[in-house]
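Quick notes on the structure that follows.
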Amino acid sequence: MIQEPLMLFSRNCQLTQALLSRVTQLRDTLDEIARSLKEKHLSCCVFPQLQGVEEVASAIHQLGASRIGALIAVEREISLEDYAKSGTLLNAELSASLLLSLFYPGNPLHDGAVIIRRDRILAAACILPLSADHVTFRMKGLGTRHRAAVGLSQVSDAIVFIVSEQTGSISLALGGQLFYEPLLEQRIEFTKLTANNNGSNS
């Protein structure tokens, strides 16, 4: 008689475990679908609308090759004015050479984020909000730059580019998620090709 409740309990545990496993699989599938849709949205809708994307792409490509850490936030619809005020206001013309010089080690403005508004570098050495999920970042071996990039993307619609000082890898944050090099490399190559074609046609 005692065995029957134990067997029933065991079957319930197995059923619960199976349901949990299925829910986890469904969640992972939905996360992958959402990521794929965001990547397509970036490629077809977001990047083409960014002003000065060629300059940013050129700069982060060179920064990555030199393993110089960088954090670049591109303002979109939601204002980043408050975060710009935490740094040094520049309101300078956007160029790859200026971005490179700002992040060059030894420059007093290299620590912190650069904020871009349309075709202007609005400010440098800015402080961005950190994502609260510090455990996940530590487990993935990601540092403060990535936490700050994701943190800003969670409270605004900004696109935030990150260059890792340790590896030179390039990533970006949008909508609270990180996207890694393959998508960015495609866009960088596209902007280079576009620039070359425009130059040859002029």
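Residue by residue through the stretch 104-120, note down the ones that are buried (at least 17 other Cβ atoms within 10 Å of the Cβ) and under 20 Å from GLN51 (Cβ atoms). Once the filter is applied, which keeps residues that are buried (at least 17 other Cβ atoms within 10 Å of the Cβ) and under 20 Å from GLN51 (Cβ atoms), the stretch 104-120 yields ALA113, VAL114, ILE115, ILE116, ARG117. Does the stretch 76-92 include one or more residues that are modelled with pLDDT under 95, in contact with a helix residue (DSSP H, G or I) (Cβ under 9 Å, 6 or more places away or on another chain) and surrounded by 22 or more Cβ atoms within 10 Å (Cβ to Cβ)? Looking through the stretch 76-92, none of the residues is modelled with pLDDT under 95, in contact with a helix residue (DSSP H, G or I) (Cβ under 9 Å, 6 or more places away or on another chain) and surrounded by 22 or more Cβ atoms within 10 Å (Cβ to Cβ). Going through the stretch 124-146 one residue at a time, which ones are closer than 22 Å to PRO108 by Cβ and either over 15 Å from the mean Cα position of the chain (by Cα) or outside the structural domain of VAL74 (by TED's automatic domain parsing) (or both)? ALA124, ALA125, CYS126, ILE127 - these are the residues of the stretch 124-146 that are closer than 22 Å to PRO108 by Cβ and either over 15 Å from the mean Cα position of the chain (by Cα) or outside the structural domain of VAL74 (by TED's automatic domain parsing) (or both).
Here PHE103 meets the list (1) modelled with pLDDT of 95 or more; (2) among the aromatic types (Phe, Trp, Tyr); (3) over 24 Å from TYR83 (Cβ atoms) almost entirely, failing just condition (3).
The values are calculated or read from the model by the stated rules, or taken from the named source; none is laboratory data. A quick note: this is a predicted structure, and the numbers were derived from the prediction, not measured. No Cβ is skipped: glycine too gets one built from the backbone with ideal geometry, and neighbour counts run over all protein chains shown.
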